[in-house]
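Readers should treat all values here as calculations from the given coordinates under stated rules, not as data from a laboratory. Keep in mind that what you see is a predicted model, and the values were worked out from it rather than measured. FYI the Cβ positions are ideal-geometry reconstructions off the backbone, even for glycines, and counts take in every protein chain you see.
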Amino acid sequence: MVTTDMIAQHFEATIKDHPKMKLREIQRRCASEMHVNVTIDCFYRAKKIVNEKMAGNQKEEFGLLWDYAHELWSKMPGSTIKMAVQKRYYVCFDTLKRGWKAGCRPLIGLDGCFIKGQFKSEFLTAVGRDTNNQMFPVAWAVVEVECTNSWGWFLSLLPTDLGLEDGYGYTIISDKQKIAISDILPRVEHRNCVRHVFANWSGRKLGKSYECDFWQIVKCTTEREWEDLCSALEKKDKDAYNNLMKMSSKMWTRAFLGTTCKSDIVDNNLCEAFNSSIVEAKFKSIIRMLEDIRTKMMTRIVQKKEVM
């Protein structure tokens, strides 16, 4: 009597909310809730039915994005919601704009990650750092692919929302320069995430001693100390030194960082922390994902106000 369709119907909501749930876990819940033992193959087919239904629903949801945007505009005046025909959707809520301007350091981390739903796309984020050194999400966007064009679209909107003008007095840190940031913000300080630099340098393959040399260079705070450490690396391995110096060392070494943003961070953990907090949401349909993220951000703001 317990058919595949029946299982799919019974666990549809559960699978939608937890798309990464293992088949064994669904089997365990079925045994607990329905008091029957069903084969793994049956759960595989049931999950496939739910996923196909979700894919169909997602196609319909793309047509509802304009309605969702208008609802946000009416309920959250001052917010920026932008859509483009290339399957792009940009969000910067008024509360986050004002919060960043009033209580965060003039520092922004940029990053992109994959959306794991039925329709593959990219999720771009801009995350600030508050005075308690915690992440403060500012804006995000769904784009068709992470490339120079999509980053250019995102960064053409962000400075207007945050009042960055030509970038003077502000700092941006990113894993990799997908776009010439200086073309949009010519006077901004641009830092590269050291973890990305180290991965490109392949210092780990050279051995533990090279990794120690790298982090000593990164963390030095004076130009003289930087020169001495670089000279020591050059004597140790000239090829390794030359490869490292190709990657604009002044963009990821503390000795050369600006002091305006009052932060000496050299990694992009701000964005990594935000991306890890929305992992479950990235598996959902487009509107459910955006609404989950909005709810998380609004809840976070309320909790911070209660603490203050």
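Assorted remarks:
- As a rough guide to protection, the peptides 89-100, 26-37, 3-14 ranked by mean Cβ packing within 10 Å, highest first, stand as 89-100, 3-14, 26-37.
- Set of segment 73-99 residues, backbone N closer than 16 Å to the point 7 Å along the Cα-Cβ line of T299: none
- Entry note: segment 196-256 has Rg to Rh equal to 0.91, where both radii use alpha-carbon atoms and Rh is the Kirkwood radius.
- Area projected by the alpha carbon convex hull of segment 257-308, averaged over all directions, nm²: 5.2 nm²
- Here the contact order of segment 79-189, divided by its residue count and restricted to Cα pairs under 8 Å and six or more residues apart, works out to 25 percent.
- Sites R195 and T14 - FRET efficiency at Förster radius 35 Å, r taken between beta-carbons, to 0.05: 0.45
- Taken along the Cα-to-beta-carbon direction at a fixed 7 Å, the label points for T3 and M245 span 7.4 nm.
- Across segment 4-54, the fraction of Cα-Cα pairs farther apart than 16 Å, rounded to a whole number, is 25%.
- Full-stretch length increase - H35, M76 - with 0.36 nm per residue and alpha-carbon distance subtracted: 10.1 nm
- Distance (nanometres) between label positions extended 7 Å along Cα→Cβ at K262 and F62: 4.6 nm
- When each full DSSP H helix of the chain is screened for a Cα extent of at least 30 Å along its own axis and an average Kyte-Doolittle hydropathy of at least -0.5, the helices passing are 286-307.
- Peptides 158-164, 265-271 ranked from most to least packed, by the mean per-residue count of other Cβ atoms within 10 Å: 265-271, 158-164.
- Principal axis dimensions, the chain - Cα atoms, whole angstrom, descending: 78, 49, 41
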